[in-house]
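Read through the structure below, which is laid out as structure tokens, and then see the notes.
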There are 2 protein chains.
Amino acid sequence: MSTSLPERSLERFDEYLRRLPLRERKKLRTRRAIQDHALRLFTERGYGATTVDQICAAAEISPSTFFRYFPTKEDVVLDDEYDPILAEVFRAQPPDVSVMDALRAAFRAVFPFVYENEREPMIDRVRLMMAEPALRARMFESMRSGTLAVMVDLVSERTGLDRADMRVQAFCWAVLGVLHSAMYTWLDSDADVDLPELVDQNLKFLGDGLPLP
Amino acid sequence: MSTSLPERSLERFDEYLRRLPLRERKKLRTRRAIQDHALRLFTERGYGATTVDQICAAAEISPSTFFRYFPTKEDVVLDDEYDPILAEVFRAQPPDVSVMDALRAAFRAVFPFVYENEREPMIDRVRLMMAEPALRARMFESMRSGTLAVMVDLVSERTGLDRADMRVQAFCWAVLGVLHSAMYTWLDSDADVDLPELVDQNLKFLGDGLPLP
DNA sequence: TCTCTTATGAGAGTTACTTTCACTTCGGAG
DNA sequence: CTCCGAAGTGAAAGTAACTCTCATAAGAGA
């Protein structure tokens, strides 16, 4: 297995691996190898121009193994798993904090996490997702079934409203909307501005009723 | 060509056709035939279970013709073209009307239009889009590059703000979010409630700053 | 060391989509 | 009316993303 890969915080990762049974260790390593090689090939020669077979050759696995790890080629790029953190921080907010402010606190906690730990690969990934229509669409679908569902849980829980209540749904969908907005704005600035800060501003602006001149 | 199709306001359509040169007429008829047969097959046996070849057989065309009319199988279901109406009504609003209220007026004008004219096929289409993840994702992408872009134009035009201004982007993305919310709520009620009304309520709620108890 | 479970690889098959090329048909100019 | 160019169409072969099946190999537990 080639070692000329971008190594996203390798020490921490290996330390984490050491505690797992060998089988799990190999699985995680394979999974990560596929992702790393795929991301590298995508940025090198483009998403559409890279075939699954090429990724497999680079990662030294068979195509059947590829699809055992990732149901589709698109899923290699989409690897969010930050929703639990979001939920945890949100629930830890004292009850007198408003829903929007609790959400802002939660995002302030979750975004810096991914932002600091693997900044460059994340920028590559987001840039890739925005560049490829198919990936953009998949990311939306992923956020809809993931982040949105979590937010609906949290908001209905905190307000006592039904999950199906129009206000809960509208609130969460609007938040999802400005999250997308923040990501686009962030990318347009070439990741120059601070993403957590941007998200926070967007949420505040949303809570203020989107006042325009 | 079979005539046992759901006939969406056929008289009006034929009247419209009569004014076009023969070539355009045939093209539109072929296009519509593909869509009708596809939608019928999709609802009968499911989206994934229907192959393009089956659609072609039903519409009596060749697969190459199919892809000449629709770049992908998904595009058969996505056939929005209401953004111009939205823009027109929005621009017709007097300058003292707020951005959000102008938008509400625009949506009140555009939604009843599609809603009244082809109610049943539209419900089928939306239901299909929501049921199939791939279609959901594509619809988002379509609204992002279509409706959202139009809204950004309109809002920046009316406020004098730059299109890239964070407030313009956040505003439009939030609106797009609650639009999605309204569609989901609508479908959950089995299209029982009034969609235009639902959209209007959502926009008002958004403009009020999403007040939760 | 010997099973038993589970990950993997090989290969064939399906389907969405692409590309090319020859054929037909329509619309207009003379 | 007729011919000519443009445009729609179909047949067929090709690519790539998946899917399925089955045989093999490698870790886990006794």
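The values are calculated or read from the model by the stated rules, or taken from the named source; none is laboratory data. Just so it is clear, the structure is predicted and the values come from calculations on it, not from any experiment. Every residue, glycine among them, receives a Cβ derived from its backbone with ideal geometry; neighbour counts consider all protein chains shown.
For the condition more than 16 Å from DNA strand C (Cβ to nearest atom) and modelled with pLDDT under 90, B:ASP101 does not qualify. Scanning segment A:48-102 for residues that are farther than 30 Å from B:LEU210 by Cβ and β-branched (Val, Ile, Thr) gives A:THR50, A:THR51, A:VAL52, A:ILE55, A:ILE61, A:THR65, A:THR72, A:VAL76, A:VAL77. What number goes with the only condition from (1) within 16 Å of DNA strand D (Cβ to nearest atom); (2) within 13 Å of chain B (Cβ to nearest Cβ); (3) surrounded by fewer than 16 Cβ atoms within 10 Å (Cβ to Cβ); (4) of a type outside the set (Phe, Trp, Tyr) that A:ASP79 does not pass? Status for A:ASP79: all satisfied but (2).
If only one of B:VAL199, B:VAL178 is buried (at least 20 other Cβ atoms within 10 Å of the Cβ), facing chain A (nearest Cβ under 7 Å) and under 22 Å from B:MET139 (Cβ atoms), which one is it?
On the way: B:VAL199 fails: facing chain A (nearest Cβ under 7 Å).
Criteria check complete, one pass: B:VAL178.
Taking B:ARG108 as the residue in question, decide whether it is out of contact with any strand residue (DSSP E or B) (no Cβ under 9 Å at 6 or more places or on another chain), under 28 Å from B:ALA191 (Cβ atoms) and within 16 Å of DNA strand D (Cβ to nearest atom). So B:ARG108 fails the test. Given the structure, is A:ALA137 under 17 Å from B:GLY209 (Cβ atoms), buried (at least 20 other Cβ atoms within 10 Å of the Cβ) and facing another protein chain (nearest Cβ under 7 Å)? Judged against the criteria, A:ALA137 is not a match.
List the helices (runs of 4 or more DSSP H) inside segment A:46-97, counting only whole elements, that have at least 2 residues being more than 16 Å from DNA strand C (Cβ to nearest atom). The qualifying helices (runs of 4 or more DSSP H) are A:83-91. Filtered by the rule that a residue be modelled with pLDDT under 85 and part of a helix (DSSP H, G or I), segment A:19-45 gives A:LEU22, A:ARG23, A:GLU24. Of the residues that make up segment A:21-29, is at least one outside the structural domain of A:ALA149 (by TED's automatic domain parsing), touching a helix residue (DSSP H, G or I) at 6+ places or on another chain (Cβ under 7 Å) and closer than 19 Å to A:GLU132 by Cα? No, segment A:21-29 has no match at all.
Return yes when A:PHE70 is within 16 Å of DNA strand D (Cβ to nearest atom) and more than 14 Å from chain B (Cβ to nearest Cβ) and no when it is not. Yes: the conditions hold for A:PHE70. Only one entry in A:ALA49, A:ALA58 is more than 17 Å from A:MET139 (Cβ to Cβ) and in contact (Cβ under 8 Å) with a residue 40 or more places away in the chain, namely A:ALA58. Scanning segment B:142-159 for residues that are within 15 Å of B:GLY177 (Cβ to Cβ) and free of Cβ contacts under 8 Å to residues at least 24 places away in the same chain yields one hit, B:VAL152.
Listed by first and then second residue, the pairs linking a residue in segment B:186-207 that is of a type outside the set (Phe, Trp, Tyr) to a residue that is surrounded by 18 or more Cβ atoms within 10 Å (Cβ to Cβ) and outside any helix (DSSP H, G or I), with Cβ atoms under 8 Å apart and 6 or more places separating them unless they lie on different chains, are B:LEU206/A:LEU210; B:GLY207/A:LEU210. Considered as a group, the residues in segment B:182-196 that are touching a Leu at 6+ places or on another chain (Cβ under 9 Å) and facing chain A (nearest Cβ under 9 Å) include one that is surrounded by the fewest Cβ atoms within 10 Å (Cβ to Cβ), and that residue is B:THR185.
Here A:MET129 passes the criteria (1) within 30 Å of B:PRO71 (Cα to Cα); (2) surrounded by fewer than 16 Cβ atoms within 10 Å (Cβ to Cβ) except the one numbered (2).
Please give the helices (runs of 4 or more DSSP H) falling wholly within segment B:130-213 in which 3 or more residues are β-branched (Val, Ile, Thr). Break it down into steps so the answer makes sense when it comes.
Details: elements: B:133-143, B:149-159, B:166-188, B:195-207.
Correct list: B:149-159, B:166-188.
The lone criterion from (1) at pLDDT 75 or above; (2) under 21 Å from A:ASP80 (Cβ atoms); (3) exposed (fewer than 13 other Cβ atoms within 10 Å of the Cβ) left unmet by A:TYR16 is number (1). Of all residues in segment A:30-54, those that are surrounded by 14 or more Cβ atoms within 10 Å (Cβ to Cβ) and under 20 Å from A:PRO71 (Cβ atoms) total 16.
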